[in-house]
Amino acid sequence: MMTPPSTRTLETGSEVRTLWHAPNQDSLHEGYFKQSELRSDFVPAASAERDLFGATVQIAPIESVKRHCMELYGIATESIYAPARSKIEIRYDAPAHLLVLYEDGVRREGETSIDGLPPSGFRNFANKLTFVPAGHAYREWHETSTALRMTYLYLSPAKLQKSIDADTSYAPRAFFEDPILWATATKLKNVIERNQPESKLYFDALASVLAHELSRSGRELARTSPASRGGLASWQKRAVIGYIEEHLDERVSLVTLARLARLSQHHFCRAFKQSFGIPPQGYLLSASD
């Protein structure tokens, strides 16, 4: 017997749209979840309209999570919950920007991959943000240690562009912290979920602030990342520390860490000490205690 499809509701103003997800389309069985492997045989979710939000984040197996999605004035928000000790895979590649708010969650194993960034095995991502620009493929898989709660904000590039004066090129970012951006995104989510048409002026103001905060946050990252500063760039730190955390019970070589940072071993040791205040050997010893 065929399993009946589950539904998600998208609300846009007073209009209610329902997206259908057939479990046999989005589900992968447990054997597919292999370390550092992401499958390519997802079938896109069915949708009656081929618009900006016709393709939201795909999650498999779909029955492992609870999700609720709403849209208002060109921005959609989706709440995701996955219980502890679950295995899920996430994929997204669409014409809308995606801002991920990791509200809570720790994974035992997993990997996050975004076009333009090295893969990350970062484990404890509570209170972290990830930004996926439109047109960039985003893939994650998790074996959760604790319950996972996330919010996805799907942002129309045209909507954001109206809020800033000049063309802005957004770069992908994974697992970063920005309390100001987080607060603005949370306010915008709350307005969408309340679905109050009279709040459009407030909504537009928040969308404008969010556009500026994304632009500001990206510029600040660019200013603090150059190698001339002497330390590791943020993506290098994430890659190196993520690898160390995953291999605490193993002998980690400087050659491997330098290769992850795409630096010579000499340059890596100098940059690591500049970033963390101690040489990598000292960090490895303290991490294994």
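Rule-based calculations on the coordinates, nothing more; no lab input. Just so it is clear, the model here is predicted, and its values are computed rather than measured. In this analysis, Cβ positions are derived from the backbone assuming ideal geometry, glycine residues included, and neighbour counts consider all displayed protein chains.
In this structure, the amide hydrogen of His136, modeled 1.01 Å from its nitrogen in the peptide plane, lies closer than 5 angstrom to those of Ala94, counting only residues at least 5 positions away or on a different chain. The HN-Hα couplings worked out from phi for segment 80-93 by the Karplus form 6.51 cos²θ - 1.76 cosθ + 1.60 (θ = phi - 60°) are 10, 10, 10, x, 5, 6, 10, 10, 9, 10, 10, 9, 7, 7 Hz, whole numbers, x standing for Gly and Pro.
In order along segment 271-284, the Karplus-derived 3J(HN,Hα) couplings, from 6.51 cos²θ - 1.76 cosθ + 1.60 at θ = phi - 60°, round to 5, 4, 5, 5, 7, 10, x, 9, x, x, 4, x, 5, 4 Hz, and Gly and Pro are given as x. Checking the cross-link pairs Lys87/Lys237; Lys66/Lys189; Lys128/Lys187; Lys159/Lys200; Lys237/Lys273; Lys128/Lys273 against a 21 Å limit on the alpha carbon distance flags Lys87/Lys237; Lys128/Lys273 as lying beyond it.
Near Tyr73, the amide H atoms lying under 5 Å from its own belong to Gly13; only residues 5 or more places off or on other chains count, and H is placed 1.01 Å from N. Compute the signed sum of charges (Lys and Arg +1, Asp and Glu -1) over the other residues within less than 13 Å, Cβ to Cβ, of Ala126. Combined, the nearby Lys, Arg, Asp and Glu give +1.
The Cα atoms of segment 97-192 cover 43, 30, 19 Å along the three principal axes, with the biggest extent listed first. Give me the net charge of Leu117's neighbourhood, meaning all other residues with Cβ under 10 Å from the Cβ of Leu117; Lys, Arg count +1, Asp, Glu -1. Surrounding charge for Leu117 is +1.
Centroid-to-centroid, using Cα positions, segment 80-157 and segment 257-289 are 27 Å apart.
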